[in-house]
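Student: Here it is: the structure, laid out below.
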Ligand SMILES: NC(=O)c1ccc[n+]([C@@H]2O[C@H](COP(=O)([O-])OP(=O)(O)OC[C@H]3O[C@@H](n4cnc5c(N)ncnc54)[C@H](O)[C@@H]3O)[C@@H](O)[C@H]2O)c1
């Protein structure tokens, strides 16, 4: 008699209609995982129709305990990609940030324990949890002193995950993600300099740069970012927190240079006042993810720009 087919654990993607979530859904389906997506009803899904047909969709709000409990039913691995705030706007209302993201996640973890969820993979923020770096590249052991509420709530959630492991044995992995870019990134979004700049260059619009354009970030192609998330689902080692980025620093001016090269068009640059919450440089060290997860970024910045441009040019105007 042949052995029964191995059943893959069911993955729940909270925020699965979003930029990162939609790519994660594609990657999980390619690996043969059954996938449930939890997201708001009034948000359009970014996946194509063939992919969408293979997913179980659950509409709800992360701030509703009943909705979150319903989404977790029957799921084995929970990818937590909901954030109700953005780095740049979170300081305007820290109470909202805490009440929705931190309290919401504590409620999520209570139900995950009750329902026997096996693992939580949390997408944290490599660009904000460390604050102003003492040295780059930044390793996971670097001090954490965020200068925005978003970074503080991400860090608080990381700590609650550790508490729930200690108290209840709930397994977890944290991925401190740098700045992902690529297909499906919302051009109008306030987050994501690469896509915003690419969109403006393709439309021939002026680009406003905060500061002198020397602010350096670590930009990672979205396909590489979600590959790390899939690896995290299977990780059984001792480490809990991983930086996920390209490991390379690119300034705002260098993004524009790269876009000019890839598109063959000139960027019209306008320099304005710097923003207080922008750390001057952020580049992540990837040694831990390389050795423990067996993961490394595969796509160069230029190749990623090509993919983003091709996708943007395929979109209806
Ligand atoms: N994009 C980045 O630069 C970046 C970098 C590091 C970490 N992250 C984190 O990765 C995660 C995903 O980011 P993204 O760029 O895909 O964002 P996104 O806005 O494209 O996706 C987030 C999804 O969460 C959903 N969501 C938000 N509030 C919700 C609520 N109250 N109830 C139900 N669903 C809700 C949204 O509808 C959306 O589909 C977030 O946690 C974000 O903080 C993003």
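Each value in this text was obtained by applying a stated rule to the coordinates, not by laboratory testing. From a predicted model like this one, the values you see are computed outputs, not experimental measurements. Methodologically, a virtual Cβ is constructed for each residue, glycine included, from the backbone with ideal geometry; neighbour enumeration extends over all protein chains shown.
Student: Under 22 Å from residue 208 (Cβ atoms), part of a helix (DSSP H, G or I) and either touching a residue at least 24 places away in the same chain (Cβ under 8 Å) or more than 21 Å from the chain's Cα centre (by Cα) (or both) - does that describe any residue in the range 286-299?
Tutor: No - not one qualifying residue is present in the range 286-299.
Residues are listed down the side, and each one gets a yes or a no for (1) more than 14 Å from the ligand (Cβ to nearest atom); (2) crowded, with 23+ Cβ neighbours inside 10 Å; (3) in contact (Cβ under 8 Å) with a residue 24 or more places away in the chain; (4) under 24 Å from residue 173 (Cβ atoms):
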position: 11; (1), (2), (3), (4): yes, yes, yes, yes
position: 23; (1), (2), (3), (4): no, yes, yes, yes
position: 31; (1), (2), (3), (4): yes, no, yes, yes
position: 50; (1), (2), (3), (4): yes, no, no, no
position: 55; (1), (2), (3), (4): no, no, yes, yes
position: 59; (1), (2), (3), (4): no, no, no, no
position: 69; (1), (2), (3), (4): no, no, yes, yes
position: 85; (1), (2), (3), (4): no, no, yes, yes
position: 89; (1), (2), (3), (4): no, no, yes, no
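Student: Moving to a separate point now. Which members of the range 71-83 meet the condition of being farther than 21 Å from residue 30 by Cα and either within 15 Å of the ligand (Cβ to nearest atom) or crowded, with 16+ Cβ neighbours inside 10 Å (or both)?
Tutor: Kept after step one, since they are farther than 21 Å from residue 30 by Cα, are these residues of the range 71-83: 71-73, 82-83.
Across the range 71-83, the qualifying residues are 71, 72, 82, 83.
Student: Does residue 200 meet the test of being more than 26 Å from residue 84 (Cβ to Cβ), out of contact with any helix residue (DSSP H, G or I) (no Cβ under 7 Å at 6 or more places or on another chain) and buried (at least 18 other Cβ atoms within 10 Å of the Cβ)?
Tutor: Yes; evaluated as a whole, the condition is true for this residue.
Student: Same structure again: If you take the residues of the range 112-156 that are in a helix (DSSP H, G or I) and within 15 Å of the ligand (Cβ to nearest atom), which of them is surrounded by the most Cβ atoms within 10 Å (Cβ to Cβ)?
Tutor: Going through the qualifying residues, I end up with 154.
Student: I'm trying to understand the selection: among the residues of the range 53-77, which are over 22 Å from residue 106 (Cβ atoms) and out of contact with any helix residue (DSSP H, G or I) (no Cβ under 9 Å at 6 or more places or on another chain)?
Tutor: Across the range 53-77, the qualifying residues are 53, 56, 57.
Student: Can you find even one residue in the range 262-281 that is touching a residue at least 40 places away in the same chain (Cβ under 8 Å), more than 20 Å from the chain's Cα centre (by Cα), part of a helix (DSSP H, G or I) and over 30 Å from residue 92 (Cα atoms)?
Tutor: Among the residues of the range 262-281, at least one is touching a residue at least 40 places away in the same chain (Cβ under 8 Å), more than 20 Å from the chain's Cα centre (by Cα), part of a helix (DSSP H, G or I) and over 30 Å from residue 92 (Cα atoms), which makes the answer yes.
Student: Still on this structure: Please find, within the range 173-222, the residue that is nearest to the ligand (Cβ to nearest atom) out of those that are outside any loop (DSSP other than H, G, I, E, B) and free of Cβ contacts under 8 Å to residues at least 24 places away in the same chain.
Tutor: It comes out as 196.
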